[in-house]
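Contents: one structure, followed by commentary.
Readers should treat all values here as calculations from the given coordinates under stated rules, not as data from a laboratory. Predicted model, so just to flag it, every value in this text is computed and none were measured. Glycine also receives a Cβ, built like all others from the backbone with ideal geometry; neighbour counts cover every protein chain displayed.
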Amino acid sequence: MGIIFDAVNHRYFKDGDLKPSVGEIVNFYLNIDLSNIPVETLEKAQNRGTDIHLMCDKILTGEDFETIYSKEYKDFEYLRKKHKIKANSIEGIVYAWTPQGDYCGTYDLYDSKSKILYDIKTSYDKHIEEWTLKTNLYRYALEQNKSQVKEIKIIYLPSEKSPNKAEVFNLDILPDSKVEEVVRAYYRQERPT
């Protein structure tokens, strides 16, 4: 099962065929349109998110790193110790097949001992519905590949400008039928009413 991720264009290929990403599917389903946000604003937010994800990855793997995000560093270290966050799989690419169609994605952190799937979020606001759907698509893919998920947790590291505080919280595990509904809507190009 050859999966290739084109990080520059954020595209996934399986055996040479372009596959939709978890983000594409959920954004379609929830009708998330980012076209009204200035490109510079999106790029700045994406770069911040990428940098913080890398910082968290390096902390968990014990690698040396430098960061300009001292608040987020302190927040993550505090949350990591308080919640005993561990992961033996970081930035894992997954593939899933459903009767409605297939997809690929990259989850943030998974601990096979505790069976916890973690997703790191750095946005100003919380987007619970979006995050719940995305993490459940990752969960579905992991479980198809023989990894059990007992809990889904968000590691929320907002910027200093956000009124929200850094925290770890659980998301609901949705039934597989809901994941399949979301994928079906994407492949049929029919949003829920």
Expressed in angstrom and rounded, the centroid-to-centroid distance over alpha carbons for segment 160-193 and segment 57-129 is 16 Å
Packing-ranked peptide list from 13-19, 137-143, highest mean Cβ count within 10 angstrom first, is 137-143, 13-19
Rounded to the nearest 5, the percent of DSSP beta bridges in segment 3-188 running antiparallel is 75 percent
